[in-house]
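Following: one structure in structure tokens, then a few remarks.
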Amino acid sequence: MEKKSGSGSGGGQVVDGSNIMKLVGNEEVFSNFVEHKFEELDRDRDGHLSLNELHPAVANIGLALGLPAQGSSSDSDHIYSEVLNEFTHGKQQKVSKTEFKEVLSDILLGMAAGLKRDPIVILRIDGEDLLEFIDGPTFESEMVATYSEIKSADGTLRDCIIKALEKLTVEQGMPPSSDSWVVSNIVEPALQSCTGHDLDKPVSQETFLTEFKKVAESVAHRLQEQPVIVAHSENDFDGSDIKRLLSNKFELDKTLNAATETIPRDSSGKLSKEYLRVALEAVGPTAGLPPLGAVEQMDKVVQDVFNMVNADDGKLLKEDEFKKLLTEILGSIMLQLEGNLISVHSNSVVHEPLTSSSTLLQPAPEL
């Protein structure tokens, strides 16, 4: 899987989980970190954390994971509850320092593994790239092509401009225009400042090009005044990581052994094919595959391959047969991706300063 760092004014800060791994991997530093966090949370100084005392830690973990604030979404609230249950095992009312350290370590390592697999690039969108695109040689031809794609018989100038802004990318210097903050603070003020034509009337290509350029320039100037921080990730799933794994017998055997060692066996030591998805999920990080359910296009590829090899018939297999079938599944997924690369990218506006959005990973004060 090829990972791209993206582009943006002044480059981007890559968040790949390495700092989290260093923190958890250094026993002395991590113990000091946990000691500080525990004392910070243990308001009554009884040596344990109550549910109320745990809530700030859970909230900070949510922020570090990029979740919206508690209470704003039933989906995210479910995740917050799951995080709390990790600490309390669903029944405890108090959590010791040792338990707090163990669970926090597991959560942080999980976050680091996710970031290593799918690094995030933090971009500062400040209008410079957008102005460069507007003044560049491809602007008019690209916007003509965009107009041809988005125009409709009853489409207004406003509709066309908004749709065209949505087509612009972070590489061209435009933050996600679907974000409510960007709409309210950047897009709408830019539209209101360019009132040379009635925005609610049908529009010709010539008028669109002229008025869109004015709005885009206004957007760029507003970004210069109010830069937008965007978390950007882009991944190409092309089968290359699977190919590397399959070509290295030692690494493949080690990965297959680790993936199958915890899978239940029947009395004769056989494994059910119903656990192939579990095993594939375990192999995923080494094979450059996203978690099942994370990327719809990849899920379809996996399902097609499973159908092809009858992986869901629930039959029992000897361990070597199970590993052989899992290897065949990996090979089939690789061939599918080599023939039809899947590219996935996402952009999210970071609404709070990066240094203060979560206190979870702020270091303990030096003594």
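Spacing of the modelled spin labels on Ser31 and Thr327, each 7 Å from Cα toward Cβ, amounts to 4.4 nm. Ordering Val144, Gln224, Gln172 by Cα displacement along the dipole of the range 125-233 toward the positive end leaves Val144 in first place; charges were set at the Cβ atoms of Lys, Arg (+1) and Asp, Glu (-1). Measuring only protein heavy atoms, the 1.4 Å probe finds Glu217 accessible over about 60 Å². Sorted on the mean count of surrounding Cβ atoms within 10 Å across their residues, most packed first, peptides 202-214, 156-168, 259-271 read 156-168, 202-214, 259-271. In percent, how large is the relative contact order of the range 125-233, given Cα pairs closer than 8 Å and 6 or more residues apart? Relative contact order here is 45 percent.
Taking the average, over residues, of other Cβ atoms within 10 Å as the packing measure, peptides 233-242, 24-33 rank 233-242, 24-33 from highest down. Placing unit charges on the Cβ atoms only, positive for Lys and Arg and negative for Asp and Glu, gives the range 239-340 a dipole magnitude near 240 debye about its Cα centre. Counting Lys and Arg as +1 and Asp and Glu as -1 over every other residue whose Cβ lies under 11 Å from the Cβ of Glu321, the net charge comes to +3.
Averaging the Cα positions of each part gives two centres, and for the range 117-155 and the range 216-241 these lie 11 Å apart. Let me make sure I get this right: for the range 125-233, a, b and c are the square roots of the gyration tensor eigenvalues over alpha carbons, sorted descending. Under 1.5 in a/c it's rounded, otherwise prolate if a/b > b/c, else oblate. Which is it? Verdict is prolate for the range 125-233. To the nearest 10, the accessible area of Met308 is 120 Å² with a 1.4 Å probe.
In terms of distances greater than 30 angstrom between alpha carbons, the cross-link table entries Lys213/Lys300; Lys101/Lys324; Lys97/Lys270; Lys249/Lys270; Lys37/Lys254; Lys97/Lys254 yield Lys213/Lys300; Lys101/Lys324; Lys97/Lys270; Lys37/Lys254; Lys97/Lys254. Protection proxy ranking of 219-228, 335-344, by the mean of other Cβ atoms within 10 Å over each peptide's residues and highest first, is 219-228, 335-344. Near Glu274: Cβ cut-off under 10 Å, other residues only, Lys/Arg at +1 and Asp/Glu at -1. The net charge is +1.
The values are calculated or read from the model by the stated rules, or taken from the named source; none is laboratory data. Quantities reported herein were computed from a predicted structural model and do not represent experimental measurements. Glycine gets a Cβ as well: all are built from the backbone with ideal geometry, and neighbour counts include every protein chain shown. All accessible areas refer to the heavy atoms of the entire protein, side chains included, with ligands and DNA or RNA removed. Shrake-Rupley method; radii C 1.70, N 1.55, O 1.52, S 1.80 Å.
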